[in-house]
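Shown next, in structure tokens, is the structure this report addresses.
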Amino acid sequence: MVRNFFIGGNWKMNGSVAESKKMVEMLNGFEVPANTEVVVAPPALYIDRVHQGLKKEIKVAAQNAYLKASGAYTGEISPQMLKDLGLEWVILGHSERREYFHESDELVGKKTAFALEAGLSVIACIGEKLEEREANITNDVVARQLKAIAAEIKDWSKVVVAYEPVWAIGTGKVASPEQAQDVHEFLRQWLAENVSAKAAEETRILYGGSVNGGNCKTLGAKPDIDGFLVGGASLKPEFGEIILSRQ
């Protein structure tokens, strides 16, 4: 089975009304190949504006959502609200959510299940910190994070896994294509052994961590790397090159 290449652009907490407008114009000018899916995640305030302005080949995701449909949860947004806006995607479990907002593996698993039940597709993020990589426990960490998601969901058809080594996010350090491939291969094997052969074969596993126009082709050539979750470079013209990295 050929897995469609997937490019996610996470804008994080960046942008303004004027900058969002410029981003939409830039994105609308990019070529999107038939075998590539492109999803961008603006800050919550600009989601609807960006969604309304983008051409249909580029989808929009939220950067986070809660595990309740509505209620007294000040500052949160629900998957149901995102569906109401016409969105199809949400990013969950990003390392910055885990680190700064103390989201546990269990919470990420529950949020993933709730978003799927609401009809969204999920980009579920996992990844190890530098001290974990240096202690040679990368596989243990990502298996633990994936296990917490697998404990809550049965259907993986609307889940994309994003492996983002925390030490490579925004640091300019990039996992070598071989390092990234090793972890991706391990994750696929884990899915085969703990979920199903079908999930292992069909689930797209993205790499994230200082991906740019210069390294995307080499990374994208690896057999178990099915695309990227791009941070800083998704705000720049080189994002257009990254979209074409499998061509």
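The values are calculated or read from the model by the stated rules, or taken from the named source; none is laboratory data. Just so it is clear, the structure is predicted and the values come from calculations on it, not from any experiment. Here Cβ is always computed from backbone atoms with ideal geometry, including for glycine, and neighbour counts include all displayed protein chains. These area figures cover heavy atoms from the full protein model, side chains too; ligands, DNA and RNA do not enter into them. Shrake-Rupley method; radii C 1.70, N 1.55, O 1.52, S 1.80 Å.
Checked against (1) under 15 Å from Ile126 (Cβ atoms); (2) open to solvent by 70 Å² or more (accessible area, probe 1.4 Å); (3) not aromatic (Phe, Trp, Tyr), Thr218 meets all criteria but (1). Considering region 1-43, the residues that are free of Cβ contacts under 8 Å to residues at least 40 places away in the same chain, among the polar types (S, T, N, Q) and closer than 18 Å to Ala61 by Cβ include one that is most open to solvent (accessible area, probe 1.4 Å), namely Asn28. Condition check: outside any helix (DSSP H, G or I) and touching a residue at least 40 places away in the same chain (Cβ under 8 Å). Does Val183 satisfy that? So Val183 does not fit the description; no.
In region 72-93, the residues that are basic (Lys, Arg) reach residues that are modelled with pLDDT of 95 or more with C-beta atoms within less than 9 angstrom, at least six apart or across chains, in these pairs: Lys83/Ala118; Lys83/Gly119; Lys83/Leu120.
A count restricted to region 61-79 and to residues that are surrounded by 17 or more Cβ atoms within 10 Å (Cβ to Cβ) and either modelled with pLDDT under 95 or out of contact with any strand residue (DSSP E or B) (no Cβ under 6 Å at 6 or more places or on another chain) (or both) stands at 6.
Mind counting the residues in region 16-59 that are assigned to a loop (DSSP other than H, G, I, E, B) and either under 21 Å from Leu92 (Cβ atoms) or of a type in the set (Phe, Trp, Tyr) (or both)?
Step one: filter region 16-59 for residues assigned to a loop (DSSP other than H, G, I, E, B), giving 16, 29-35, 42-43, 54-57.
Okay, now just the ones that are also either under 21 Å from Leu92 (Cβ atoms) or of a type in the set (Phe, Trp, Tyr) (or both), so 30, 42-43.
Total satisfying the criteria: 3.
Filter region 177-209 for residues that are hydroxyl-bearing (Ser, Thr, Tyr) and open to solvent by less than 30 Å² (accessible area, probe 1.4 Å); which is nearest to Leu235 (Cα to Cα)?
The first filter runs over region 177-209 and keeps only residues hydroxyl-bearing (Ser, Thr, Tyr), leaving 196, 203, 207.
Cutting the leftovers down to open to solvent by less than 30 Å² (accessible area, probe 1.4 Å) gives us 203, 207.
Working: Thr203: 26, Tyr207: 17 Å.
Across region 177-209, the extreme among qualifying residues is Tyr207.
Could you tell me whether any residue of region 141-159 is without any contact (Cβ under 8 Å) to a residue 24 or more places away in the chain, of a type in the set (Lys, Arg) and open to solvent by 70 Å² or more (accessible area, probe 1.4 Å)?
As a first pass, look at region 141-159 and keep what is without any contact (Cβ under 8 Å) to a residue 24 or more places away in the chain: 141, 154.
Going one step further and asking which of them are of a type in the set (Lys, Arg), we end up with 154.
Filter once more, keeping what is open to solvent by 70 Å² or more (accessible area, probe 1.4 Å): 154.
Yes - at least one qualifying residue is present in region 141-159.
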